[in-house]
1. For the chain, set up a Gaussian network in which alpha carbons nearer than 10 Å are linked by springs, and say which option among PHE190, PHE209, PHE150 fluctuates the most.
2. Just going by the charge dipole of the chain, with Lys and Arg at +1 and Asp and Glu at -1 on Cβ, which of GLN172, GLY132, ALA121 is farthest out on the positive end?
3. Test of understanding: in a Gaussian network model of the chain with alpha carbons linked when under 10 Å, which of MET53, MET196, MET130 would top the mean-square fluctuation ranking?
4. Of PRO79, PRO52, PRO113, which is the most mobile in a GNM of the chain whose springs link Cα atoms less than 10 angstrom apart?
5. Just round it to a whole percent: the fraction of Cα-Cα distances in segment 44-139 exceeding 24 Å.
6. Only helices at least 27 Å long along their axis, Cα-based, and averaging -1.0 or more on Kyte-Doolittle count here, so list those DSSP H runs from the chain.
7. I want the local charge near LEU2. Using Cβ-Cβ distances under 14 Å, sum +1 for each Lys or Arg and -1 for each Asp or Glu among the other residues.
8. Taking only the alpha-carbon atoms of segment 20-73, what semi-axes of the equivalent ellipsoid follow from 5 times the gyration tensor eigenvalues under a square root, in whole Å, largest first?
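Computed from the coordinates by the stated procedures, all read-outs in this text should not be read as laboratory data. Just so we're clear, the structure is a prediction, and the values are computed from it rather than from any experiment. FYI the Cβ positions are ideal-geometry reconstructions off the backbone, even for glycines, and counts take in every protein chain you see.
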Amino acid sequence: MLVWERPEPPDRPVPAPLSRERIVRAAIRLADADGLDAVSLRKVAGALDVGPMRLYGYIATKEELLDLMVDAVYAEIRPTGDGWREVLGALATSTRRVAHQHEWLADLLGGRPQLGPNTLASGNAVLAAMAGVDLDTVVPAVAAVNAYVFGAVRREITERRAERASGMDKEQWQHTYGPYLERTFATGEFPALESMVRDGPHLDADETFRTGLDFVLDGIEARISR
């Protein structure tokens, strides 16, 4: 029986009462502080001041714990609005916001379908907003938005982690590698790339995300209009 359907053990009068919600919240706190490497049933048990074996009545494996963690933060993703475009936009921007609040989520987005109640509710809200559009368009359209969001979020989180690891922010990185690019462009071998670097738009992360999202949504709208 999947964890979503498996009942919790009955309450016991012990010094440290447990529930799946308490376990998951403790795991999220560990992951928010130190990433997914900090999450194990033993470490979560330590954070709750209980023995690891007590957790197995509630969660059988680490994979179940990760699924529960993802579903818990999906409660913070709210695809609301008037019309499919506004709802898909809200899905994208709120997913990005939540992933920046919980960086570890970027490592778990995509892959096998998430089947928790909050994840299912989010998907249902999106599909309901696209009622009236044929499913041959809806399914790949939602997949395209998710693919864009997941890829963009992973790139942003990877860049953030790289900045922390190197100790260089964007301005410092440009100062360090700028002279190399100047010497490279001076060879004349990369004129298109040079034009992009010198004359192209220099958008911040928020502008880049919104612009890319508009491209995806514009394509979906054009497809629906056909």
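1. Residue with maximal mean-square fluctuation among PHE190, PHE209, PHE150: PHE190.
2. Farthest towards the positive pole: ALA121.
3. Its mean-square fluctuation being the largest, the pick is MET196.
4. PRO113
5. The calculated P(r) of segment 44-139 puts 34 percent of pairs beyond 24 Å.
6. Membrane-span-like by this rule: 135-166, 205-225.
7. Once positives and negatives cancel, what remains is -3.
8. 15, 13, 9
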